[in-house]
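Structure first, then comments.
The values are calculated or read from the model by the stated rules, or taken from the named source; none is laboratory data. Here the structure is a predicted model, which means the values were calculated and not measured. Virtual Cβ from ideal backbone geometry, glycine too; neighbours counted across all protein chains shown.
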Amino acid sequence: MPDGIEQLRGIQEVADSLGITPRTLRLYEDRGLIAPQRVGTQRVYSRRETNRMRRILRGKRLGFSLREIREFLALYDADPRHVVQMRGLAGRCRERIEELRAQKVALELTLDELVKIERDALAGIADLCDNGG
């Protein structure tokens, strides 16, 4: 492709490449997170918009809210060197790591308790059956 000419891709091609549906792309467009160009009535996506969508999907996968993702994208756009964005991202990642670790501890406690309850229930059933119940 010659320098200065950017390849534009259609909504289905971008959706397929990202493993999502065109409806998902339209949703993030409606929320103002991406802004595909229009050729007539068709949406076309630049490399920039496709990369923004990758960042959005990654943020969602990592558990960030749309508000947080919007903030990351705004920082990314405002700081060409991305230093501010990376600092902010690192801080938010640290917060998310701490949240997930706390959830992991809570899940482990819940699992331990459920295993004990299940074991007690099965023992109770066995006792009842052994005693003619």
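Leu57 is checked against (1) on the phi > 0 side of the Ramachandran plot; (2) surrounded by 12 or more Cβ atoms within 10 Å (Cβ to Cβ); (3) in contact (Cβ under 8 Å) with a residue 12 or more places away in the chain; (4) of a type outside the set (Phe, Trp, Tyr) and fails just one. What number does that condition carry? If we test Leu57 against (1) on the phi > 0 side of the Ramachandran plot; (2) surrounded by 12 or more Cβ atoms within 10 Å (Cβ to Cβ); (3) in contact (Cβ under 8 Å) with a residue 12 or more places away in the chain; (4) of a type outside the set (Phe, Trp, Tyr), just (1) comes out false. For the stretch 37-62, the tally of residues that are over 24 Å from Val83 (Cβ atoms) and touching an Asp or Glu at 6+ places or on another chain (Cβ under 9 Å) stands at 4. Filtering the stretch 87-112 to residues that are surrounded by 14 or more Cβ atoms within 10 Å (Cβ to Cβ) and of a type in the set (A, V, I, L, M, F, W, C) leaves only Leu89.
Among the residues of the stretch 57-105, write down those that are small (Gly, Ala, Ser) and assigned to a helix (DSSP H, G or I). Before you say what the answer is, go through the steps one by one.
Residues of the stretch 57-105 that are small (Gly, Ala, Ser), as a first pass: 59, 63, 65, 74, 78, 88, 90-91, 102.
Listed by number, the residues that qualify are Gly59, Ala74, Ala78, Gly88, Ala90, Gly91, Ala102.
Considered as a group, the residues in the stretch 23-43 that are over 18 Å from Leu73 (Cβ atoms) and at pLDDT below 95 include one that is surrounded by the most Cβ atoms within 10 Å (Cβ to Cβ), and that residue is Arg43. Remark: pairs (first residue in the stretch 90-108, within 14 Å of Ser65 (Cα to Cα); second residue in a helix (DSSP H, G or I) and of a type outside the set (Lys, Arg); Cβ separation under 8 Å; 6+ apart in sequence or on different chains) = Arg92/Glu68; Arg92/Phe72.
Would you be able to say whether some residue in the stretch 122-133 is farther than 23 Å from Phe64 by Cα, of a type in the set (S, T, N, Q), assigned to a helix (DSSP H, G or I) and without any contact (Cβ under 8 Å) to a residue 24 or more places away in the chain? Steps first, answer last, please.
Within the stretch 122-133, the first condition is being farther than 23 Å from Phe64 by Cα, and the residues that meet it are 122-133.
With of a type in the set (S, T, N, Q) added as a condition, the list becomes 131.
The next check asks that each one be assigned to a helix (DSSP H, G or I); those that pass are none.
Scanning the stretch 122-133, I find no residue that is farther than 23 Å from Phe64 by Cα, of a type in the set (S, T, N, Q), assigned to a helix (DSSP H, G or I) and without any contact (Cβ under 8 Å) to a residue 24 or more places away in the chain, so the answer is no.
If you check Val84, Val115 for being surrounded by 10 or more Cβ atoms within 10 Å (Cβ to Cβ), more than 30 Å from Thr50 (Cα to Cα) and more than 18 Å from the chain's Cα centre (by Cα), only one passes: Val115.
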